[in-house]
Amino acid sequence: MNFMTIGGPLIVLALIAVFGWPSFKGTSNGDFLEAEKYTGFETSVRRHSNGVYEVSVLTRMPDVEPEMVRWWFGDYLTTTEQYMTWHPTDHVWYDWENKSPGEHIGASGLVHEYIGGELAKLRIQFVPPEEILGKNNNLGADDVAICARPGLLEQPYYAGEMCHIVRRTDYGSEMRSRFWLGRIAKRKGNDRTRSIEGVIGNTYLARKLGIRKSDAVALMRHCVEEMGYLADLLPELYASETGQTNTTPTIEDHGQ
């Protein structure tokens, strides 16, 4: 048995350990955007063959219109006190960086929050939806997409990507949230930069060692809870702050 006979399989195994199987395979960001489509992965977690952990949460939001969610991020949310109403036990502190009135894209939410019992200090940079979902996505004219790159607050790294898609239903709205954990990039200001940390961090092996299933499950549970709180508080809060009321039929109306 010569070196090539032994070395070939070893090289293949090494490549799989670094890049996953099949090598360099990516994950689609837009597979959950088809209207009325349910895949059985509405609230769950899964690890992809490249090591990325995907977290999915479906939140039904009676009496909520998609615009209310955009208003929450763009207009209303400014203080720690407001942030804590979003999740009274897990949310600890909030501030903005590069915030313009009425706009969230281009700004970064600076947060302290508990996820799975551990305090996370994060910088969540809000970006145009096409940066995460691609230009050829299935967003409708009335859909609201809140997309971001979460990263470490005290270090210049992104740790993943995320989107909340809000669509009108016959009873209010439906939010589909997705997180992709393990998409690593070094950050310079608001830009991603090439770095050895990014190359190593995006290997299958680094993702496998650095992201546990328990981390993904904890994030899923946190999102279920905080978006449930948001669904409950938004209709009355939006009406009291803006003077506008929701015209979408309620579940009770729809059932009559």
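The values are calculated or read from the model by the stated rules, or taken from the named source; none is laboratory data. Everything quoted here is computed from the prediction, not taken from an experiment. Here the Cβ positions follow ideal geometry from the backbone for every residue, glycine too, while neighbour counts run over all protein chains shown. In case anyone asks, the SASA skips ligands and DNA or RNA and just uses the protein heavy atoms, side chains included. Shrake-Rupley method; radii C 1.70, N 1.55, O 1.52, S 1.80 Å.
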Segment Arg46-Thr245, length gained on full extension (0.36 nm per residue, minus Cα span): 67.8 nm
Per residue value of the accessible surface for the stretch 131-256 (all protein chains in place, 1.4 Å probe), Å²: 54 Å²
Estimated FRET transfer efficiency when R0 is 25 angstrom, pair Leu110-Thr193 (beta carbons, to 0.05): 0.75
Rounded accessible area of Glu118 (nearest 10 Å², 1.4 Å probe): 120 Å²
Fully extended contour minus Cα-Cα distance, from Thr78 to Trp96, at 0.36 nm per residue: 5.8 nm
Farthest positive-ward along the stretch 98-233 dipole, Cα basis, beta-carbon charges - from Gly102, Tyr158, Ala218: Tyr158
Neighbourhood net charge (12 Å Cβ-Cβ; Lys/Arg +1, Asp/Glu -1) for Val57: -1
Cross-link table Lys121/Lys186; Lys135/Lys208; Lys99/Lys188; Lys37/Lys208, entries beyond 23 Å C-alpha to C-alpha: Lys135/Lys208; Lys37/Lys208
Probe 1.4 Å - accessible area at Arg123, Å² to nearest ten: 10 Å²
Accessible area of the stretch 87-202 belonging to carbon and sulfur atoms, whole % at 1.4 Å probe: 50 percent
